[in-house]
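Report on one structure; see the data block that follows.
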Ligand SMILES: *Cc1c(COP(=O)(O)O)cnc(C)c1O
């Protein structure tokens, strides 16, 4: 049987049926109903954040967080990372803002704060960093830069659900943080997402933006859209949240087995745990140094594929190498992101992955 890079986490069917029964009684399917509210409160508790607004997916959550902060302005620029899923960049561009790409750190793949300031101009309005693979950005340095230059910070925390730093939930950094609950993430609602924020002023703004900008009967004060999380997905979230701790522990077992098998090998670079950061074991990225190994990332990818194992070149290519952003940047400006994107592979990682399968995957990699 083939092994895919991930397998969506699902609750027992009976749990889900139990959770959607009230929906069948009330016929209240969407528009911030009781299940939405219950789920929202559970998440505020779990993530330890002051406010949270739920969305139909992570992308719209990020797009509307940028809009809600009032960042749209002619020629406005946003400093971000090219080493991310294209959604991050699209959310900036679709707000009429220009993404400006800053290179990343070679150790944890997050934006390099030492390279941010040289990119700031009088048009810069915000920084949109990404907690890649659940690795925490240098939130303290980014905060200092943002305060000094009066910039907003919106984190793409799509990979960082449940991660804490010195005991503080990751959603508390910056002006806002986006989480994704897509089927492939550590925690899913099938499709879904959220924005966490600390300033109550954004609460109504986000709430109305995702519902066409409607403030009350017939009055519309903003050009919104439709990005509401429905009751069925909220119910899925309630079921999956209940199991999350257990799922993360199972992922940890897989993670540690990979570490045991792959560490200490010249030419194979593994992610190192960050001090003070709790991991969610969302991904297992491995950097293959072809100069040392004599085999490239692509060779390993193919070798696994021949054995019906599907790792992922994630992220490849870097966003600033994609056709739709060709006219605003050159990849040579971010050589580290370019190098990482060419040499990294995320290995299969999900809670049900058997240890024997992890061993099988490692055998193939080590034999290659
Ligand atoms: C998944 C993801 C998104 C988009 O989230 P969706 O819920 O799929 O819309 C954005 N950024 C990153 C880094 C992601 O991994």
Worksheet item: Based on the Cβ-Cβ distance from residue 72 to residue 204, what FRET efficiency comes out when R0 is 22 Å, to the nearest 0.05?
Response: 0.75
Item to complete: Of the DSSP beta bridges with both residues in the chain, give the percent that are antiparallel, rounding to the nearest 5.
Response: 60 percent
Response to the item:
Computed Rg/Rh for segment 57-136 (Cα atoms; Rh = Kirkwood radius) stands at 0.95
Response to the item:
Per the rule of 0.36 nm per residue minus the C-alpha distance, extending residue 115 to residue 266 adds in nm 51.4 nm
Worksheet, complete the sentence: GNM of the chain, Cα pairs under 10 angstrom: of 69, 13, 353, the biggest fluctuation goes to 13
Discussion item. At a threshold of 8 angstrom on Cα-Cα distance, excluding pairs fewer than six apart, so keeping six or more, what relative contact order does segment 1-112 reach in percent?
Written reply: 17 percent
Discussion item. What is the distance in Å between the Cα centroid of segment 346-368 and that of segment 73-115?
Written reply: 33 Å
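From the square roots a ≥ b ≥ c of the eigenvalues of the alpha-carbon gyration tensor of the chain, which class results: rounded (a/c under 1.5), prolate (a/b over b/c), or oblate?
Working: a/c = 1.97, a/b = 1.19, b/c = 1.66.
Oblate, since a/c reaches 1.5 and b/c is not below a/b.
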Worksheet item: What is the calculated FRET efficiency for residue 305 to residue 29, with r their C-beta to C-beta distance and R₀ = 41 Å, to the nearest 0.05?
Response: 0.50
Discussion item. Quick check: pseudo-label points 7 Å beyond the Cα along Cα→Cβ at residue 41 and residue 14, how many nm apart are they?
Written reply: 2.7 nm
Response to the item:
The distance between the Cα centres of segment 293-320 and segment 139-187, in whole Å, is 29 Å
Worksheet item: Shape of segment 278-337 from its Cα gyration tensor (a ≥ b ≥ c, root eigenvalues): rounded if a/c is under 1.5, otherwise prolate when a/b > b/c, or oblate?
Response: prolate
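Report Rg(Cα)/(2.2 N^0.38 Å) for segment 213-368, keeping two decimals. If you can, show how the numbers build up before the last one.
Numbers: Rg = 20.7 Å, N = 156, 2.2 N^0.38 = 15.0 Å.
Its radius of gyration relative to the 2.2 N^0.38 Å reference: 1.38.
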Worksheet item: So how far apart, in nm, are the two label points at residue 326 and residue 149 if each is 7 Å from Cα heading toward Cβ?
Response: 2.9 nm
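None of the figures in this text is laboratory data; all of them are computed from the coordinates on show. Note that the coordinates shown come from a computational prediction; the quantities given were computed from them, not determined experimentally. Please note: Cβ atoms are built from the backbone with ideal geometry, for glycine as well, and neighbour counts cover all protein chains shown.
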